[in-house]
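Trainee: Got a structure for you, written out below as structure tokens; questions coming shortly.
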Amino acid sequence: MFCGSRKGANPAYEEAAHALGTLLAERGITLVYGGGSVGLMGVIADACLAVGGEVIGVIPKKLNDLDVGHDGLTFKEVVGGMHERKARMAELSDAFVAMPGGYGTLEEVAEVTTWSQLNDHMKPVGVLNIAGYWDPLLAQVARMVDEGFVHEVHRGLIVNSESPAALLERLEAARIPELSEWLGQGR
């Protein structure tokens, strides 16, 4: 899970984080996230824990030392830095979901999507598109395809929905194209 260390301006973001955290726990899906107690990160972790869900947090020592780490998790792993954090989260995860967030969230979505494109992992990537938050990113992806910078088979590499339940269903059905389907074509 990638999401903001702030709650954002729209109360719908916090409501969606709570709903998604609850849904993950109800479905027996372990939440792997950045380990924070603040912002949407804290909301989703608390919601998942409140109904008996398992939550794994991976947080850099620097942030944990600033007392933004969540101390009530099923498991919290403190790592050396952001690169190690992202690699460890990717290792522990079966899929990636981004909620609204800032620079870090945007960068994480781009990185794991690139890893999917290159088949560095075969895990689906999705965005919970609350109040159209991710519409500009999805429009940019469409433009990159239309302008010939991203292959057509990757147009739908980032799945999206405004509904937590629908997003989970789309992630389960997602298919990552094999390198052979596009590499060498239209480069």
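Trainee: Does ALA142 qualify as being touching a helix residue (DSSP H, G or I) at 6+ places or on another chain (Cβ under 9 Å), on the phi < 0 side of the Ramachandran plot and either in a helix (DSSP H, G or I) or without any contact (Cβ under 8 Å) to a residue 24 or more places away in the chain (or both)? Spell out the reasoning first.
Mentor: On the way: touching a helix residue (DSSP H, G or I) at 6+ places or on another chain (Cβ under 9 Å): no; on the phi < 0 side of the Ramachandran plot: yes; either in a helix (DSSP H, G or I) or without any contact (Cβ under 8 Å) to a residue 24 or more places away in the chain (or both): yes.
It is false that ALA142 is touching a helix residue (DSSP H, G or I) at 6+ places or on another chain (Cβ under 9 Å), on the phi < 0 side of the Ramachandran plot and either in a helix (DSSP H, G or I) or without any contact (Cβ under 8 Å) to a residue 24 or more places away in the chain (or both).
Trainee: Let me ask another. Do we have any residue at all in segment 157-164 that's over 26 Å from LEU49 (Cα atoms), in a helix (DSSP H, G or I) and not basic (Lys, Arg)?
Mentor: Scanning segment 157-164, I find no residue that is over 26 Å from LEU49 (Cα atoms), in a helix (DSSP H, G or I) and not basic (Lys, Arg), so the answer is no.
Trainee: Being within 18 Å of GLY4 (Cβ to Cβ) and among the small types (Gly, Ala, Ser) is the filter; apply it to segment 50-86 and report the residue that is surrounded by the most Cβ atoms within 10 Å (Cβ to Cβ).
Mentor: Looking at residues that are within 18 Å of GLY4 (Cβ to Cβ) and among the small types (Gly, Ala, Ser), I get GLY57.
Trainee: Let me ask something else about it. Does LEU40 count as over 15 Å from SER93 (Cβ atoms), crowded, with 19+ Cβ neighbours inside 10 Å, within 19 Å of the chain's Cα centre (by Cα) and not charged (D, E, K, R)?
Mentor: The answer is yes for LEU40.
Trainee: I'd like to know if segment 151-167 contains one or more residues that are surrounded by fewer than 16 Cβ atoms within 10 Å (Cβ to Cβ), within 13 Å of the chain's Cα centre (by Cα) and charged (D, E, K, R).
Mentor: No, segment 151-167 contains no residue that is surrounded by fewer than 16 Cβ atoms within 10 Å (Cβ to Cβ), within 13 Å of the chain's Cα centre (by Cα) and charged (D, E, K, R).
Trainee: Scan segment 1-18 for residues that are buried (at least 18 other Cβ atoms within 10 Å of the Cβ), assigned to a helix (DSSP H, G or I) and touching a residue at least 40 places away in the same chain (Cβ under 8 Å) and jot them down.
Mentor: TYR13, ALA16, ALA17, listed by residue number.
Trainee: Is at least one residue of segment 66-87 closer than 26 Å to ASP135 by Cβ and either assigned to a helix (DSSP H, G or I) or small (Gly, Ala, Ser) (or both)? Outline the logic, then answer.
Mentor: Just the residues of segment 66-87 that are closer than 26 Å to ASP135 by Cβ, to begin with: 86.
Those still in the list that are either assigned to a helix (DSSP H, G or I) or small (Gly, Ala, Ser) (or both) too: 86.
Yes - at least one qualifying residue is present in segment 66-87.
Read-outs throughout are calculated quantities, based only on the coordinates presented, and are distinct from any laboratory measurement. Here the structure is a predicted model, which is why all the values come from computation and not from measurement. Virtual Cβ from ideal backbone geometry, glycine too; neighbours counted across all protein chains shown.
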